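Peer 1: Before I ask anything, let me first share the structure, which is written out below as structure tokens.
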Amino acid sequence: MATQTTAQFDGIIMFRKDYRERDQLVKIFTRQFGKKMFYIRGARKRGFKLAAAILPFTKGVYVGLIREKGLCYLNAEKSLTQFEKINEDIERNAYITYILNLIDSAFDDSVPIPIWFDMASAALEKINAGFDPQIIAHIFELQLYQLFGVQQE
């Protein structure tokens, strides 16, 4: 039997996609539980209370029902950090999307990888602060090479 627990966790919204008529599936990179897919009922309704909390690249402290397998559920947000410059600049947005997709491809879901969460969090902050996103993305590429089967000499 799969276990489930209500927990508070640190998370970064990786992406979201529409599901059915009014719902969304949101992938959150959590520090404590790894990458998890969350079912958000009514997310596309006007005036949805967690709308700001599930914007891509939002970092925050969330409360939700975490399941070992299957979809999880988001109940509330405690604090949020929005990265406005990333959302305003298509190039910065593209690089952070690429970095998060590299992490998504390199690691299995539901496996805690706090070091990579911290690195992704730092990348968000640095790119938002104006550091060169291409260099930051290249650092991630170099560090993830071995996970993709590329050996460095």
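Peer 1: Determine whether segment 70-91 contains at least one residue that is surrounded by 12 or more Cβ atoms within 10 Å (Cβ to Cβ) and free of Cβ contacts under 8 Å to residues at least 12 places away in the same chain.
Peer 2: yes
Peer 1: Which one is least open to solvent (accessible area, probe 1.4 Å) among residues in segment 11-23 that are touching a helix residue (DSSP H, G or I) at 6+ places or on another chain (Cβ under 7 Å) and not β-branched (Val, Ile, Thr)?
Peer 2: Residue satisfying both the conditions and the ranking: Met14.
Peer 1: Still on this structure, I have one more. Among the residues of segment 51-69, which ones are of a type outside the set (D, E, K, R) and exposed (fewer than 13 other Cβ atoms within 10 Å of the Cβ)?
Peer 2: Within segment 51-69, just Ala52 meets the criteria.
Peer 1: So, of the residues in segment 110-121 that are closer than 22 Å to Asp132 by Cα and of a type outside the set (D, E, K, R), which turns out to be most open to solvent (accessible area, probe 1.4 Å)?
Peer 2: Applying the filter and picking the extreme gives Ile115.
Peer 1: Restricting segment 98-109 to residues that are closer than 19 Å to Asp10 by Cα and surrounded by 17 or more Cβ atoms within 10 Å (Cβ to Cβ), which is nearest to the chain's Cα centre (by Cα)?
Peer 2: The selected residue is Leu100.
Peer 1: Sticking with this one: Between a first residue in segment 2-30 that is over 23 Å from Ser121 (Cα atoms) and a second residue that is open to solvent by 50 Å² or more (accessible area, probe 1.4 Å) and not in a strand (DSSP E or B), which pairs have beta carbons less than 6 Å apart while being 6 or more apart in sequence or on different chains?
Peer 2: From segment 2-30, the pairs are Ala2/Glu68; Ala2/Lys69; Thr3/Glu68; Arg22/Arg44; Arg22/Lys45; Asp23/Arg41.
Peer 1: Just to be sure before I move on: is Glu125 open to solvent by 70 Å² or more (accessible area, probe 1.4 Å), more than 13 Å from the chain's Cα centre (by Cα) and among the charged types (D, E, K, R) in the structure I sent?
Peer 2: yes
The values are calculated or read from the model by the stated rules, or taken from the named source; none is laboratory data. Worth saying up front: this structure is predicted, and the values here are computed from it rather than measured. So basically every Cβ, Gly included, is an ideal-geometry build from the backbone, and we count neighbours across all protein chains shown. All accessible areas refer to the heavy atoms of the entire protein, side chains included, with ligands and DNA or RNA removed. Shrake-Rupley method; radii C 1.70, N 1.55, O 1.52, S 1.80 Å.
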